[in-house]
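This report concerns only the one structure given below.
The values are calculated or read from the model by the stated rules, or taken from the named source; none is laboratory data. These numbers were taken from a predicted model, which means no experiment stands behind them. All Cβ positions, even for glycine, are placed from backbone atoms using ideal geometry, and neighbour counts span all protein chains on display. For accessibility, only protein heavy atoms count, side chains too; no ligands or nucleic acids. Shrake-Rupley method; radii C 1.70, N 1.55, O 1.52, S 1.80 Å.
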Amino acid sequence: TLEDTTTTKNYSLEDSIPATCDGDAIEITFISPTSAIEGVNTTFVVNFDYRLASTSNGIVKLGFNTGNAGAYIMSGSSLTITQVETSSGSLTADAIPAFYESPDSFKIYISLSEDPQPAVSSPLSSDTVDILVRQ
């Protein structure tokens, strides 16, 4: 005998995907230049969007993996945030790009952290972008 396995499922159509979420976030939106020459001091401009939601004091820092593909050295360039907000910013810093064999690459790293940072902490949010490095 055959059993009736037909079931009815109800679906609802959402008007749209939510435009925002409510956690901490940071995203690189623009970098210049997008390529560099190995060993040549280069000035990088990094624009970003951020949302600080979990604390009222934060700091955005910019870094590069100039000595080791898996570790970032933070530049002195930073942006202090003194209120819960969603906004944009821009940081500029010099770095000497390193050439790494694939799959590693030279990266720009940006982090959003509490300010002041606890002794043991990790960023609230971070983002990276690969930079093409020519030898």
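When the stretch 23-37 is limited to residues that are assigned to a loop (DSSP other than H, G, I, E, B) and of a type outside the set (S, T, N, Q), the one that is modelled with the lowest pLDDT turns out to be G23. Pairs meeting the criteria (first residue in the stretch 8-34 and over 21 Å from A95 (Cα atoms) and acidic (D, E), second residue outside any strand (DSSP E or B) and at pLDDT 60 or above, beta carbons under 7 Å, at least 6 apart or on different chains) are D22/A53; D24/A53; D24/S54; D24/L124.
A quick yes/no check of all residues on (1) within 21 Å of Q135 (Cβ to Cβ); (2) surrounded by 14 or more Cβ atoms within 10 Å (Cβ to Cβ):
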{"position": "F30", "(1), (2)": "no, no"}
{"position": "I59", "(1), (2)": "no, yes"}
{"position": "G63", "(1), (2)": "no, yes"}
{"position": "V84", "(1), (2)": "no, yes"}
{"position": "I96", "(1), (2)": "yes, yes"}
{"position": "I110", "(1), (2)": "no, yes"}
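Of the set (1) outside any loop (DSSP other than H, G, I, E, B); (2) within 17 Å of the chain's Cα centre (by Cα); (3) farther than 20 Å from D22 by Cβ; (4) not acidic (D, E), all apply to S87 but (3).
How about the stretch 36-57: which of its residues are within 29 Å of D22 (Cα to Cα) and either of a type outside the set (K, R) or open to solvent by 50 Å² or more (accessible area, probe 1.4 Å) (or both)? Don't jump to the end; show me each part of the working.
Filtering the stretch 36-57 for residues within 29 Å of D22 (Cα to Cα) gives 45-57.
Within the stretch 36-57, V45, V46, N47, F48, D49, Y50, L52, A53, S54, T55, S56, N57 qualify.
The residue of the stretch 96-120 that is farthest from the chain's Cα centre (by Cα), among those that are closer than 18 Å to F48 by Cα and not β-branched (V, I, T), is E114.
Residues of the stretch 98-108 that are without any contact (Cβ under 8 Å) to a residue 40 or more places away in the chain and either loosely packed, with under 14 Cβ neighbours inside 10 Å or not in a loop (DSSP other than H, G, I, E, B) (or both): E101, S102, P103.
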